[in-house]
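The values are calculated or read from the model by the stated rules, or taken from the named source; none is laboratory data. If you're wondering where the values come from, they're calculated on a predicted model, not measured in any experiment. Glycine gets a Cβ as well: all are built from the backbone with ideal geometry, and neighbour counts include every protein chain shown. To get the accessible areas, we keep the full protein, side chains included, count just its heavy atoms, and leave off ligands, DNA and RNA. Shrake-Rupley method; radii C 1.70, N 1.55, O 1.52, S 1.80 Å.
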Amino acid sequence: MIIRLPFAVLLSIAAVLVPPSLAAPDPDRPNFVIIMADDMGFSDIGCYGGEIQTPHIDRLASEGLRFSQFYNCALCGPSRAALLTGLHPHQAGITSWTGLLNDRCVTLFEALNRAGYATGAAGRLDMITADNWHEPENIARHVDRFLSTGGHQGPGGNYFEPTRNGRYFKDGEEIEYPSGRYKTDLLTDFAVDFLRERDDSRPFLLYMGHHAPHWPLHAKEEDIAKYRSLYRELGWDAAREQRLERLVEEGLLPPDTKLSPLDARAEPWSESTPHLDWEAERMAVYAAQIDSLDQSVGRVMEALRAGGADSNTLVFFFSDNGATERTVKVIDKPDWTWRSDDTPTRGAGNDPAVMPGPADTFLSAGPAWSSLANTPFRYHKTSNHEGGIASPLIAWWPEVVEQQGGISGELSHIVDIMATCLDAAGEPYPENFDGREAHPLAGKSLLPVLEGRARAGHDSLCWATSGAKAVREGSWKLVAANGKPWELYDLDTDRSELNDLAAQHPERVAAMEKVFEEWHSR
């Protein structure tokens with residue numbers, strides 16, 4: 001077991017005596033690999049009940065720890081801000097899918113790079129790096145190497161071509177942006193190169209902000225072919241029932257958990273359902289995107305093992321929000337429907353005459369398949385009901401995880417990731433950094449949970465996303481859709497949020513609403 005307190009003491013002294021750029025590396029400190037999926041539902045991967053083939057992610061689960069009550073911020077920008085700063089998104093200045101971090105926060109890259117860590121980042125670096133409007137210098141100062149795919153561009157852009165605003169910086173110098181690779185593979189190439197070329201004398205932080213499985217539905221034919229007949233035969237109704245059954249069997253949900261209703265815009269799956277082949281193809285491509293993501297995890301883990309870094313590396317895998325029900329139409333933002341070489345697509349919008357998958361199409365999975373992805377929960381991305389904010393979380397660290405293959409019901413949040421990494425590294429949270437006075441850290445370390453110990457967890461958690469809002473205190477959850485009244489649920493007995501108890505407990509509603517208002521005003 002690594003002794004951490006002395007590191008914190010020594011690093012505090014070093015911060016005074018040694019210039020920041022000369023912080024001594026310590027190869028005995030743990031490495032960190034953070035892998036974030038984009039718009040992936042709670043039950044999509046195999047070890048969380050899904051039928052999608054994810055053997056590499058499932059291996060992380062069997063050798064690590066799964067969390068059954070881990071939450072994100074329901075939307076891409078807020079979740080990334082919370083992950084990279086350890087603050088709630090409105091504290092870091094991000095309340096929508098776009099924007100830049102304010103000067104009241106410190107990123108995990110900055111804190112660990114200053115402490116001697118080598119740092120690398122690939123993929124969606126929204127809020128901190130170059131996209132359509134911003135230059136990358138604000139992150140290049142603190143990340144040794146990064147490959148930015150330029151934020152949105154469709155929003156997942158063209159998976160088969162580089163995003164137009166992508167940038168590749170290596171040791172402070174911009175190099176030629178790679179081309180001709182499927183986007184998930186491109187990010188994986190970067191990660192593998194970073195791991196192979198790293199300095200063994202320095203611990204490292206590697207962040208992979210994947211686009212998959214965010215629309216548009218683009219995947220390689222060999223991956224799509226694995227699922228085409230499966231979803232044509234299964235449909236969304238039977239698939240939802242089977243996922244719930246597996247979630248209960250795994251112990252991730254209580255035995256009495258019920259399915260939430262299918263999205264009201266969908267109808268039961270039957271031979272009378274229009275365009276069944278097209279519907280099945282949409283889910284087959286979505287599954288193929290996750291399959292490719294799993295292959296990426298396998299390549300990264302193999303690179304860790306090949307470099308001898310696997311025994312002392314903490315790997316996190318999770319999603320930025322729930323799956324989205326959005327139905328892509330012929331939208332009023334033509335740039336979203338163009339390839340990066342300015343060739344317009346032939347299939348801009350969810351037209352049953354166009355099969356998804358190839359680079360010149362632009363479709364989404366839609367509300368019925370999103371209901372499957374978020375099984376058994378209500379609603380979708382941007383909602384503060386469980387379908388929008390509940391995420392799988394796998395923590396893998398062979399040296400430390402006490403209950404390998406186990407499940408933790410610890411109430412936890414994406415703000416806890418930065419706190420955990422700093423705690424494991426023995427690095428104090430820098431309340432002042434380069435003249436910036438940061439908000440106090442909102443996250444709480446999960447390290448005690450990984451070690452099989454109790455932790456002082458969150459008294460409450462709150463959310464505010466696109467007009468939706470929620471509060472969690474113990475098993476109680478107060479939640480409201482945009483413009484709707486508060487609903488109250490006891491998640492110990494009703495994780496799917498089907499039995500609203502607000503009328504029976506008005507005092508609890510008032511007390512929890514006060515907690516939300518105080519949180520939101522900070």
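Using a probe of 1.4 Å on the protein chains alone, the accessible area found for Glu174 is around 90 Å².
In the context of the full protein assembly, Thr327 retains an accessible surface of approximately 70 Å², using a probe radius of 1.4 Å and ignoring ligands and nucleic acids. The calculated P(r) of the stretch 188-314, using every Cα pair and 10 Å bins from 0, goes 11, 28, 28, 21, 10, 2, 0 in percent. Relative contact order for the chain: what percent, with Cα pairs under 8 Å and sequence separation of 6 or more? The value is 23 percent. Take the chain with all the other protein chains still there, run a 1.4 Å probe, and you get 37 Å² of accessible area per residue. Remark on Ser408: its backbone amide H falls under 5 Å from those of Arg66, Phe67, Ser68, a criterion applied only to residues 5 or more positions apart or on other chains, H modelled at 1.01 Å from N. What residue among Leu195, Pro30, Pro376 has its Cα farthest toward the positive end of the dipole of the chain, where the charges are +1 on Lys, Arg and -1 on Asp, Glu, each on the Cβ? Farthest towards the positive end: Pro30. Treating each Cα of the stretch 43-98 as one equal point scatterer and applying the Debye formula with no solvent, the log10 of I(q)/I(0) at q = 0.13, 0.16, 0.17, 0.23 Å⁻¹ comes out as -0.47, -0.64, -0.69, -0.83.
When Rg and Dmax are taken over the Cα atoms of the stretch 415-458, they come to 11.6, 38 Å. Here the Debye sum runs over all C-alpha atoms of the stretch 376-434 as equal scatterers in vacuum, and log10 of I(q)/I(0) at q = 0.21 Å⁻¹ comes out as -0.97. Ranked from largest to smallest solvent-accessible area, with a 1.4 Å probe on the protein heavy atoms, Asp38, Asp193, Asp256 come out as Asp256, Asp193, Asp38.
An ellipsoid equivalent to the stretch 219-287, defined through the eigenvalues of its Cα gyration tensor, has semi-axes of 24, 17, 9 Å when rounded to whole angstrom and sorted largest first.
Projecting the Cα atoms of Cys76, Leu60, Ile45 onto the dipole axis of the stretch 38-79, where Lys and Arg carry +1 and Asp and Glu carry -1 at the beta carbon, places Leu60 farthest toward the positive end.
Once the gyration tensor of the Cα atoms in the stretch 149-260 is diagonalised, the equivalent ellipsoid follows with semi-axes of 36, 21, 13 Å, ordered largest first.
Over the stretch 447-522, all Cα pairs binned in 10 Å intervals from 0 give whole-percent P(r) values of 18, 47, 25, 10, 0, listed from short to long.
How much net charge surrounds Ala481 when only the other residues with a Cβ under 10 Å from the Cβ of Ala481 are counted, with Lys and Arg +1 and Asp and Glu -1? The answer is +2. When every alpha-carbon pair in the stretch 406-494 is counted, what percent end up more than 19 Å apart? Beyond 19 Å sits 54 percent of the P(r) for the stretch 406-494.
With the biggest extent put first, the Cα atoms of the stretch 374-522 measure 47, 43, 27 Å across the principal axes.
Charged side chains reduced to their Cβ positions (Lys and Arg at +1, Asp and Glu at -1) give the chain a dipole of some 520 debye around its Cα centre. Net charge of the neighbourhood of Tyr117, taken over other residues with C-beta under 11 Å away and scored Lys/Arg +1, Asp/Glu -1, is -1. To put it simply, the accessible area of the chain at a 1.4 Å probe is 50 percent carbon and sulfur. Figure note: Asp171, Asp58, Asp320 ranked by solvent-accessible area, largest first, 1.4 Å probe, ligands and nucleic acids not counted: Asp171, Asp58, Asp320.
Ignoring ligands and nucleic acids, what accessible area does Lys484 show with a 1.4 Å probe (Å², nearest 10)? Counting only protein heavy atoms, Lys484 exposes about 130 Å² to solvent. Its alpha carbons give the chain an Rg and a Dmax of 22.0, 74 Å. Remark: the stretch 267-329 is approximated by an ellipsoid whose semi-axes, taken from the C-alpha gyration tensor as √(5λ), come to 37, 13, 9 Å, largest first. Here the gap between His520 and Ala238, fully extended at 0.36 nm per residue and compared with their Cα-Cα distance, gives a gain of 97.5 nm.
Projecting the Cα positions of Ala238, Ala284, Gly308 onto the charge dipole of the stretch 213-333 (unit charges on Cβ atoms of Lys, Arg, Asp and Glu, taken about the Cα centre) puts Gly308 furthest along the positive direction.
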